[in-house]
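Trainee: The structure that follows is given in the form of structure tokens.
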Amino acid sequence: MCRLALKSSDTPFSPYEVLLAMEAMQEGYDGSGLGLLMRGVQFTDFNYEKDKQVILSGIAHTEEALSRLNGLMENRGFVQKYDHEFTVHPELIEASDRFKYIVRVYRKPENMDEADLEEYLMQTRLFLRKDGEEHGGDLTVFSFWSDVVMIKEVGWPLAVGDALSLDDNRIMARVVMAQGRQNTNYGINLYACHPFFIQGISTMTNGENTAFVPIKEWLEGKNIPGYTGYQSDSEVFTHILHYVTRKLKLPLQVYKHVITPLKSEELKNHPQGDFLQGLRVACRRLIIDGPNAVIATLPDETSMLVMDAKKMRPAIVGGKPGTWAIASEMCGMMAMVPDRDPAFDFQPMREHTVIIPPDRKELQIWTQFDPFTLPQAA
Amino acid sequence: MDSVRSVYTSPSSLTYCDLPWIIQHREDRCTLCGRCTAVCPVNAIYLTYRRQRVPKLDVLKKKRGNEYRHFVGIRQHTSIEKKCIGCGMCSSVCPNEAIGPVPNTNEHRTVFHQNQKGEAWKRGGRRNKSGATILDRIAFDRISMLTDPALDAGRHEFSLNTILGRVLPPEEFLRRKMAGEWIPPTREIFPFIIGSMSFGALSPNMWLGLLQGVAYCNEVLGIPVVMATGEGGCPPWVLKSPFLKYIILQIASGYFGWDEIIRAIPEMQCDPAAIEIKYGQGAKPGDGGLLMWFKVSKLIARLRGVPEGVDLPSPPVHQTLYSIEESVMKMIQTLSMAFGFRVPVYPKISGSTSAKAVLNNLVRNPYAGGLLIDGIDGGTGAAYNVSMDATGHPIASNLRECYLDLVAQGRQNEIPLFAAGGIGKNGNVTQNGMALIMLGASGVHMGKYIMQACAGCLGNEMGRCNVCNIGICPKGITSQNPKLYRRLDPDDVAQRVADVFMAIRTEMKKIMAPLGRSQSLPIGMSDALGIDDADVAKRLNIKYIC
């Protein structure tokens, strides 16, 4: 089973704090990997400007791949502004083919409207990934987006943090999400490691999505660029969130209604029952199954936690104004925000969506039984 | 001793050893009550006097002689039309367990003589091919119990229902919802459906029992079972009753019964579950429906608007139609309109390599509510033996091919595929149905299994009984003769319908729980399937296991 930890704070903090929480929950994973995502990023050595710059995260496994990457990025019109050099202790890393961990800041191309830019960034990420795959997997690219840094590696989470010296405070963030354990259900692969990312949207999951294959087949059939990969059954959670909010342009509340719709008898009494019943039928192939706790973060630094429809996984959210955390286990929560009042911790049930809004003042808890604003169908 | 004189044997002269079923009669137990001979549906046995010569030699008196013993016994006719069908009604009425049919394990000769007077062999039942089917051999092998906490089939809640009807892509659904436009009707139903068996093919008691059972499943057990009528309409009292919502009305090439249906529309209290347009049937592709004259009783004649006692062969195709494109357009749209666009309308076709062509046509028709494919193992009330045994396409690969075609187009949620033909052929109804669902079916239709499980149909895949076509069903399931169908109590049938669907519901959970599925029917979950045959695995695009 995987372990999940997320911390969101007004003041940037070291990602190592979240790795310590992972260590607290260490009993629950097998040391097969770490996935880490940071938003609200701050570098000690560089003044990062979110509005003007984008960040590429990945691994160049050979020198040749790195020089190829330089050329490819130049050809696609990206000017490099900063290259974060991790202080690496290679002896702590299991794998031996890690030439360079890439966290690079590029200037946003000018004269491109927002929608075009978002498309271009994703296409560039997919292009680089494909290029790496075509060269025997010598280049791995996790994200290419504004204000997002991603690190994925095989090994024990804390050991990976030590190997990359993440405790040196040279890189800090306001939102950090981490997942420990590779997707050992399907085979170890860096791309199979949570969190997953598409166009600013990221999710990580604790569980097993047993409806994976039919969902994957449906998403692939949409022919939407970026709906590829699927080395892990949990990747579809990210793409469903992207599809619901970006393609269908529905409010965030609807995500839970799509992946775990209410029963027919419950919808009969729901103020938007008619709409939701129709939506459930139209999005029937996106209904997830199995035990799952899904944690998501969005470009505006919103964080979200939802459970599967039977609440078969634990997950807890807690904190204090300004600092909040989500963890799959209570001990992870204790490690991240020890000075909170545990009486206000919340363990969501099957119908809940918990939101940590960007202002981080208080938690929002939505239930599926409540109506929500839906201007389109009004 | 009699000498053998010139013996004349006609080409079709057979002895009882040549027949598929041999009557075994124990004279020491027989009470000569005659019940067996009275009940035999084909008059295969008769009571007869026999003489037995006992040679007698008195050594002391040096005298030879004979004694003759006379006795009464049961004997078997050997003519083709009176050959034993193995139904076993004789044993069921015998007070002393003195009689019963035994299958002839040797090859039997009747198959060469079933065409007397040039009439090719017609029968009921389905393809006579016994043994495990491909579906029987599929195992559900992706057990998530090992990787994540499992579900409890006994305690957890399961969503087992499926959707019948056209489903819009999410983008189009939202657009139409916003614009207030028409959204195609859908029904939430139980994925195991009682397949088309007409009022005419089935006896009134059987039909009533099924309907009672279906209503009980819906209204008391909360299992939304629906049943299809088959061609031949529906009794007017049902059309005007609230039970119509559990019924899929079929329209086929003979249009039998549709006068009554159309006339009843203004008085209907609710809409039917769906309309099924039959273009073909798995048991006899390219052949129309057939109700033989034996079964066209006064009631059936009235319902179908025909004279009594005449054969009712439906044409092989819909006569008003010219091509599949036209039929899809005309009939689906016309029937949608007749019910105010509130009822899903879908075609039923026989399994065939051309099924994909029909499917692709339906994908582009905004009114098509699904596609039902009936494979070669489908049953029928009456068909030519050659059609049943040799014509058609097995359902597994046909369904899978169509589903993967939809997947390639990203349309697998839009046109639900339903599968039929041999589901539960060897009794493994839930396993067969779930295998098809995981291969891509949204649900399955079953007819023969329902007759066997809910009414005690005696037919099997080795030629047992199979006389549904001539109205002499010994159980009263497929007869229009009141003397026969009064043997069947509708209440008992209803009870068995409830038993069957409760058991299927439990077995579905027992299959889904280990796979970690409970929130939705695992349609297309092919990663859960494996089969011990590499070629089949390759063809169905599932795992080979051994």
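The values are calculated or read from the model by the stated rules, or taken from the named source; none is laboratory data. The model shown is predicted, which means the values in this text are computed figures rather than measured ones. Positions of Cβ are backbone-derived with ideal geometry, glycine not excepted, and every protein chain shown enters the neighbour counts.
Trainee: Scanning for something charged (D, E, K, R), under 29 Å from B:PRO272 (Cα atoms) and out of contact with any helix residue (DSSP H, G or I) (no Cβ under 6 Å at 6 or more places or on another chain), does region B:361-371 turn up at least one residue?
Mentor: yes
Trainee: Picking from B:LEU417, B:LEU406, which residue would you name as being buried (at least 24 other Cβ atoms within 10 Å of the Cβ), touching a strand residue (DSSP E or B) at 6+ places or on another chain (Cβ under 7 Å) and within 19 Å of B:LEU168 (Cα to Cα)? Give the derivation first.
Mentor: Values: B:LEU406 fails: touching a strand residue (DSSP E or B) at 6+ places or on another chain (Cβ under 7 Å).
Every option except B:LEU417 fails the conditions.
Trainee: Yes or no: A:ASP168 surrounded by fewer than 24 Cβ atoms within 10 Å (Cβ to Cβ), modelled with pLDDT of 95 or more and not polar (S, T, N, Q)? Break it down into steps so the answer makes sense when it comes.
Mentor: Details: surrounded by fewer than 24 Cβ atoms within 10 Å (Cβ to Cβ): yes; modelled with pLDDT of 95 or more: no; not polar (S, T, N, Q): yes.
No, not satisfied.
Trainee: Can you tell me how many residues within region B:364-401 are within 14 Å of chain A (Cβ to nearest Cβ) and either part of a helix (DSSP H, G or I) or out of contact with any strand residue (DSSP E or B) (no Cβ under 9 Å at 6 or more places or on another chain) (or both)? Spell out the reasoning first.
Mentor: Quick first cut of region B:364-401, residues within 14 Å of chain A (Cβ to nearest Cβ) only: B:369-370, B:400.
In the following step, the residues that additionally are either part of a helix (DSSP H, G or I) or out of contact with any strand residue (DSSP E or B) (no Cβ under 9 Å at 6 or more places or on another chain) (or both) were identified as B:400.
Residues in region B:364-401 being within 14 Å of chain A (Cβ to nearest Cβ) and either part of a helix (DSSP H, G or I) or out of contact with any strand residue (DSSP E or B) (no Cβ under 9 Å at 6 or more places or on another chain) (or both): 1 in total.
Trainee: Would you mind finding the one in B:ASN106, B:ASN128 that is polar (S, T, N, Q), more than 14 Å from chain A (Cβ to nearest Cβ), part of a loop (DSSP other than H, G, I, E, B) and surrounded by 13 or more Cβ atoms within 10 Å (Cβ to Cβ)?
Mentor: Exactly one residue qualifies, and that residue is B:ASN128.
Trainee: Collect the residues in region A:304-331 that are under 19 Å from the mean Cα position of the chain (by Cα) and within 14 Å of chain B (Cβ to nearest Cβ), keeping them in residue-number order.
Mentor: A:VAL306, A:MET307, A:ASP308, A:ARG313, A:PRO314, A:SER328
Trainee: Working carefully through the options B:LYS278, B:LYS295, B:LYS245, find the one that is basic (Lys, Arg) and more than 26 Å from B:GLY443 (Cα to Cα).
Mentor: Matching residue, one of B:LYS278, B:LYS295, B:LYS245: B:LYS295.
Trainee: Between residues in region B:135-164 that are more than 10 Å from chain A (Cβ to nearest Cβ) and residues that are surrounded by fewer than 20 Cβ atoms within 10 Å (Cβ to Cβ) and aliphatic (A, V, I, L, M), which pairs lie under 7 Å by C-beta distance while being six or more apart or on different chains?
Mentor: From residues that are more than 10 Å from chain A (Cβ to nearest Cβ), the pairs are B:ALA139/B:ILE545; B:ASP141/B:ILE545.
Trainee: B:TRP258 - would you say it is of a type in the set (Phe, Trp, Tyr), within 19 Å of B:TYR346 (Cβ to Cβ) and in the same structural domain as B:GLN281 (by TED's automatic domain parsing)? Reasoning before the result, please.
Mentor: On the way: of a type in the set (Phe, Trp, Tyr): yes; within 19 Å of B:TYR346 (Cβ to Cβ): yes; in the same structural domain as B:GLN281 (by TED's automatic domain parsing): yes.
Yes.
Trainee: Look through region A:30-42, keep the residues that are modelled with pLDDT under 95 and surrounded by fewer than 22 Cβ atoms within 10 Å (Cβ to Cβ), and return whichever of them is farthest from A:GLY200 (Cα to Cα).
Mentor: The residue in question is A:ASP30.
Trainee: What residue, among those in region A:77-109 that are hydroxyl-bearing (Ser, Thr, Tyr) and surrounded by 13 or more Cβ atoms within 10 Å (Cβ to Cβ), is farthest from A:ASN169 (Cα to Cα)?
Mentor: Ranking the candidates gives A:TYR106 first.
Trainee: Separate question: Given the criteria in a loop (DSSP other than H, G, I, E, B), more than 9 Å from chain B (Cβ to nearest Cβ), touching a residue at least 60 places away in the same chain (Cβ under 8 Å) and under 19 Å from the mean Cα position of the chain (by Cα), does A:PRO225 qualify?
Mentor: yes
Trainee: Oh, and also: Can you pull out the helices (runs of 4 or more DSSP H) entirely within region B:275-347 that have at least 1 residues that are of a type in the set (Ser, Thr, Tyr) and not assigned by TED's automatic domain parsing to the domain that holds B:GLY375? Working first, answer last.
Mentor: Numbers: elements: B:298-304, B:324-327, B:333-338.
Once the helices (runs of 4 or more DSSP H) in region B:275-347 are filtered for at least 1 residues that are of a type in the set (Ser, Thr, Tyr) and not assigned by TED's automatic domain parsing to the domain that holds B:GLY375, nothing remains.
Trainee: Can I ask one more? Those residues that are at pLDDT 95 or above and among the polar types (S, T, N, Q), I need them from region A:224-262; list them, please.
Mentor: A:THR238, A:THR245, A:THR260, listed by residue number.
Trainee: Tell me the residue from B:ALA301, B:ALA338 that is surrounded by 15 or more Cβ atoms within 10 Å (Cβ to Cβ), in contact (Cβ under 8 Å) with a residue 60 or more places away in the chain, over 15 Å from B:LEU371 (Cα atoms) and not aromatic (Phe, Trp, Tyr), please.
Mentor: One residue alone meets the criteria, B:ALA338.
For every residue, the table says whether it meets (1) in a helix (DSSP H, G or I); (2) at pLDDT 95 or above; (3) away from chain A (no Cβ under 14 Å); (4) surrounded by fewer than 23 Cβ atoms within 10 Å (Cβ to Cβ).
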residue	(1), (2), (3), (4)
B:LYS475	no, yes, yes, no
B:GLN495	yes, yes, yes, yes
B:ALA503	yes, yes, yes, yes
B:ASP527	yes, yes, no, yes
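Trainee: Give region A:70-89 a look and list any residue that's outside any loop (DSSP other than H, G, I, E, B) and within 15 Å of A:ILE151 (Cα to Cα), or say none.
Mentor: Once the filter is applied, which keeps residues that are outside any loop (DSSP other than H, G, I, E, B) and within 15 Å of A:ILE151 (Cα to Cα), region A:70-89 yields only A:ASP83.
Trainee: Condition first: of a type in the set (Gly, Ala, Ser), in a strand (DSSP E or B), at pLDDT below 95 and farther than 28 Å from B:ASP18 by Cβ. Can you find one or more residues in region B:58-67 that meet it?
Mentor: We begin by selecting, within region B:58-67, every residue of a type in the set (Gly, Ala, Ser); these are B:65.
Remaining after also requiring in a strand (DSSP E or B): B:65.
If we keep only those that are at pLDDT below 95 as well, we get B:65.
Within this subset, residues satisfying the condition of being farther than 28 Å from B:ASP18 by Cβ are B:65.
Checked against the condition, which is being of a type in the set (Gly, Ala, Ser), in a strand (DSSP E or B), at pLDDT below 95 and farther than 28 Å from B:ASP18 by Cβ, region B:58-67 yields at least one hit.
Trainee: Applying the selection to region A:22-58, what residues are closer than 17 Å to A:ILE93 by Cβ and in contact with an Asp or Glu (Cβ under 8 Å, 6 or more places away or on another chain)?
Mentor: Matches in region A:22-58: A:GLY33, A:LEU34.
Trainee: So, in region B:165-178, of the ones that are of a type in the set (A, V, I, L, M, F, W, C) and either within 25 Å of B:PRO272 (Cα to Cα) or more than 10 Å from chain A (Cβ to nearest Cβ) (or both), which residue ends up nearest to the chain's Cα centre (by Cα)?
Mentor: Selected residue: B:VAL167.
Trainee: Follow-up question, since we're still on this one. Can you tell me which residue in region A:262-303 is farthest from A:MET177 (Cα to Cα), limited to those that are more than 8 Å from chain B (Cβ to nearest Cβ) and crowded, with 24+ Cβ neighbours inside 10 Å?
Mentor: Out of the qualifying residues, it is A:LEU286.
Trainee: Now for a different question. Determine if region B:108-122 includes at least one residue that is under 29 Å from B:ARG539 (Cβ atoms) and over 23 Å from the mean Cα position of the chain (by Cα). Working first, answer last.
Mentor: The first filter runs over region B:108-122 and keeps only residues under 29 Å from B:ARG539 (Cβ atoms), leaving none.
No, that holds for no residue.
So that you can scan it fast, the table gives a plain yes or no per residue for (1) surrounded by 23 or more Cβ atoms within 10 Å (Cβ to Cβ); (2) within 14 Å of another protein chain (Cβ to nearest Cβ):
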position: A:ARG174; (1), (2): no, no
position: A:SER202; (1), (2): yes, no
position: A:GLY221; (1), (2): no, yes
position: A:GLY229; (1), (2): no, no
position: A:VAL236; (1), (2): yes, yes
position: A:THR245; (1), (2): no, yes
position: A:GLN253; (1), (2): no, no
position: A:LYS256; (1), (2): yes, yes
position: A:ILE259; (1), (2): yes, yes
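Trainee: Scanning region B:182-207 for residues that are out of contact with any helix residue (DSSP H, G or I) (no Cβ under 8 Å at 6 or more places or on another chain) and either within 23 Å of B:MET337 (Cα to Cα) or in a helix (DSSP H, G or I) (or both), which turns out farthest from the other protein chains (Cβ to nearest Cβ)?
Mentor: Checked region B:182-207; the qualifying residue farthest from the other protein chains (Cβ to nearest Cβ) is B:TRP207.
Trainee: Considering every residue within region B:172-183, establish whether at least one is touching a Gly at 6+ places or on another chain (Cβ under 8 Å) and at pLDDT 95 or above.
Mentor: There is at least one residue in region B:172-183 that is touching a Gly at 6+ places or on another chain (Cβ under 8 Å) and at pLDDT 95 or above.
Trainee: Let me ask you something else. From the residues in region A:127-165 that are among the charged types (D, E, K, R) and in a helix (DSSP H, G or I), which one is surrounded by the fewest Cβ atoms within 10 Å (Cβ to Cβ)? Please lay out each step first, then the result.
Mentor: Restricting attention to region A:127-165, the residues satisfying the condition of being among the charged types (D, E, K, R) are A:129-131, A:133-134, A:138, A:147, A:152-153, A:162.
Now restrict to residues that are in a helix (DSSP H, G or I): A:129-131, A:133-134, A:162.
Details: A:ARG129: 20, A:LYS130: 13, A:ASP131: 16, A:GLU133: 13, A:GLU134: 10, A:ASP162: 17.
So the residue we want is A:GLU134.
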